[in-house]
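For reference, the structure is listed below as structure tokens.
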Amino acid sequence: MRYPDGGGLTAKQRAQRERVRFEAAEMFAAGAGPEQVARRLRVSRKSAYAWHAAWRADGADALCSKGPSGCPSRMKPSWRAWLEQALEEGPAAYGWVEDQRWTLERVVTLVARRFHVRFSKPQMSRILHQMGWSVQVPVHRAAERDEQAVATWIKETLAAGGKTVRDQDAWLVFEDESGQSLRPPKARTWSRRGRSPRVEVSGKGSGRISLAALVCARPGRRTRLIHRMLVHHAGRRGEKKGFRERDFAALLDAARQQLGGKIVLVWDNSTQHKDAQMRQLLAHREKWLTVFRLPAYTPELNPAEGVWANLKNSLGNLAAYTTDGLAVLARTRLKKMQYRPGLLDGFIAETGLVLQPP
């Protein structure tokens, strides 16, 4: 097939295909037939016979790549560089302020406005893929987030925490909380085309569980996961509605007992983490506990968020369940994570933080 925008195989793919043809030429010279070449190199017999005919007529030189097929692309390299920068700036910079989506129609219009050349949507799709772009679900980020403060925290505060970890031979611990009701997260499943799958869930949604977790890392040691759970039954009075200051203090005490060393704690700016009662409880533990706070609106810097994402993904499309049954299932899933330190290391790596600088 000939693509009017110079599509087809990329330069890398053409070079790889050329290597396969030269390998076929070597096999032909050794006496192999087209069908043997097709089976050995996993190509079609039609291609093998065509290569054999070309090789017999003009030798191995006939199998050299002749470059991209089709007409040269109208999208010049300088245009691609400009388009790359324009896409990075976002749709709002070019008048589309109602939402923040780059659609093929908008990209086609953007290029037409700038260069007075209109590509079709399939052409623009191929061009964007050649540039390394693809359709993706965006990650939401708070508008109130201060990127300069985040960069400063990573450069200075995180570095200070790493130095404290090395100097005290301590554990670096990230803490976070989450919850789950009887209404499960939605997850993809197979279904007949045109018929949306249906999952029976609880309509009450009053029973829920609250979770707190610590992701604990230390150079030369296995990454650990420590968690606690509170169960809230529907209609029961006197049950805790969430973790309070003394619950966090008890969790830190349990972590120190299990880890057997000093702790450098990193957590967010939740009210229960910084009020007067919490400050008093932390002051009584300052001999073995050092506390750093994450910058505001930065959940992606906390590896514990990966724990919750993994847990809720495993609870997708959960059928109608009792609150106690949900607690047992969540506890089982968290227990499995505790025996997978590589998975926990992946949660840390996903944050992009260098926790063990040289």
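The values are calculated or read from the model by the stated rules, or taken from the named source; none is laboratory data. Everything numeric here is computed off the predicted structure, so don't read it as measured data. Backbone-built Cβ (ideal geometry, glycine too); neighbour counts: all protein chains shown. These accessible areas exclude ligands, DNA and RNA; they are computed on the full protein's heavy atoms, side chains included. Shrake-Rupley method; radii C 1.70, N 1.55, O 1.52, S 1.80 Å.
When GLN277 is tested against (1) within 19 Å of ALA213 (Cβ to Cβ); (2) open to solvent by less than 90 Å² (accessible area, probe 1.4 Å); (3) of a type in the set (S, T, N, Q), only condition (1) is not met.
Taking segment 48-71 only, how many residues are part of a helix (DSSP H, G or I), surrounded by 13 or more Cβ atoms within 10 Å (Cβ to Cβ) and either at pLDDT below 90 or not small (Gly, Ala, Ser) (or both)?
Within segment 48-71, the subset part of a helix (DSSP H, G or I) is 48-58, 60-63.
This time we only want the ones that are surrounded by 13 or more Cβ atoms within 10 Å (Cβ to Cβ), so: 48-52, 54-55, 60, 62-63.
Still in the list and also either at pLDDT below 90 or not small (Gly, Ala, Ser) (or both): 49, 51-52, 55, 60, 62-63.
So the count comes out to 7.
Restricting segment 292-344 to residues that are open to solvent by 70 Å² or more (accessible area, probe 1.4 Å) and of a type in the set (Ser, Thr, Tyr), the residue that is modelled with the lowest pLDDT is TYR321. Restricting attention to segment 292-333, the residues that are under 27 Å from VAL266 (Cα atoms) and in a helix (DSSP H, G or I) total 19. Residue pairs whose Cβ atoms lie under 8 Å apart, separated by 6 or more positions or on different chains, with the first residue in segment 19-34 and among the β-branched types (Val, Ile, Thr) and the second surrounded by 12 or more Cβ atoms within 10 Å (Cβ to Cβ), are VAL20/LEU41; VAL20/VAL43. Considering GLU156, GLU200, the condition of being out of contact with any strand residue (DSSP E or B) (no Cβ under 7 Å at 6 or more places or on another chain), of a type in the set (D, E, K, R), at pLDDT below 90 and more than 25 Å from LEU344 (Cα to Cα) is satisfied by GLU200 alone. Given the condition modelled with pLDDT of 90 or more and over 29 Å from the mean Cα position of the chain (by Cα), answer yes or no: does some residue in segment 179-190 qualify? No, that holds for no residue. Being among the aliphatic types (A, V, I, L, M) and modelled with pLDDT under 90 is a condition met by at least one residue of segment 93-115.
Matching residues to (1) in contact (Cβ under 8 Å) with a residue 60 or more places away in the chain; (2) surrounded by 19 or more Cβ atoms within 10 Å (Cβ to Cβ):
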position	(1), (2)
ILE209	yes, yes
HIS232	yes, no
GLY238	no, no
ARG244	no, no
GLN257	no, no
GLN272	no, no
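From the list TRP153, TRP171, pick out the single residue that is out of contact with any Leu (no Cβ under 7 Å at 6 or more places or on another chain) and aromatic (Phe, Trp, Tyr). Result: TRP153 is the single residue among TRP153, TRP171 that is out of contact with any Leu (no Cβ under 7 Å at 6 or more places or on another chain) and aromatic (Phe, Trp, Tyr).
Residues are listed down the side, and each one gets a yes or a no for (1) closer than 16 Å to ARG126 by Cβ; (2) aliphatic (A, V, I, L, M):
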{"site": "ALA30", "(1), (2)": "no, yes"}
{"site": "GLN36", "(1), (2)": "no, no"}
{"site": "ARG39", "(1), (2)": "no, no"}
{"site": "TRP55", "(1), (2)": "no, no"}
{"site": "ALA62", "(1), (2)": "no, yes"}
{"site": "LEU87", "(1), (2)": "yes, yes"}
{"site": "ALA93", "(1), (2)": "no, yes"}
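Here GLY194 fulfils each of the conditions (1) at negative phi; (2) of a type outside the set (A, V, I, L, M, F, W, C); (3) outside any helix (DSSP H, G or I) apart from (1).
So, of the residues in segment 137-153 that are among the hydrophobic types (A, V, I, L, M, F, W, C) and touching a residue at least 12 places away in the same chain (Cβ under 8 Å), which turns out to be surrounded by the fewest Cβ atoms within 10 Å (Cβ to Cβ)? Going through the qualifying residues, I end up with VAL139.
GLU286 - would you say it is acidic (Asp, Glu) and closer than 20 Å to PHE243 by Cβ? In short, no. For segment 320-352, residues that are farther than 20 Å from PRO219 by Cα, of a type in the set (Lys, Arg) and out of contact with any helix residue (DSSP H, G or I) (no Cβ under 8 Å at 6 or more places or on another chain) total 3.
What number of residues within segment 280-291 satisfy the criterion of being open to solvent by less than 60 Å² (accessible area, probe 1.4 Å) and within 23 Å of ASP169 (Cβ to Cβ)?
Within segment 280-291, the first condition is being open to solvent by less than 60 Å² (accessible area, probe 1.4 Å), and the residues that meet it are 281-283, 285, 288-291.
Add one more test, that the residue is within 23 Å of ASP169 (Cβ to Cβ), and what stays is 282-283, 285, 288-291.
The number of residues fulfilling the criteria is 7.
Those residues that are free of Cβ contacts under 8 Å to residues at least 60 places away in the same chain and open to solvent by less than 70 Å² (accessible area, probe 1.4 Å), I need them from segment 180-202; list them, please. Selection gives SER181, SER191. The requirement of being open to solvent by 60 Å² or more (accessible area, probe 1.4 Å) and either touching a strand residue (DSSP E or B) at 6+ places or on another chain (Cβ under 6 Å) or in a loop (DSSP other than H, G, I, E, B) (or both) is satisfied by PRO219. When restricted to residues that are surrounded by 12 or more Cβ atoms within 10 Å (Cβ to Cβ) and under 22 Å from ALA11 (Cα atoms), segment 27-47 contains 3.
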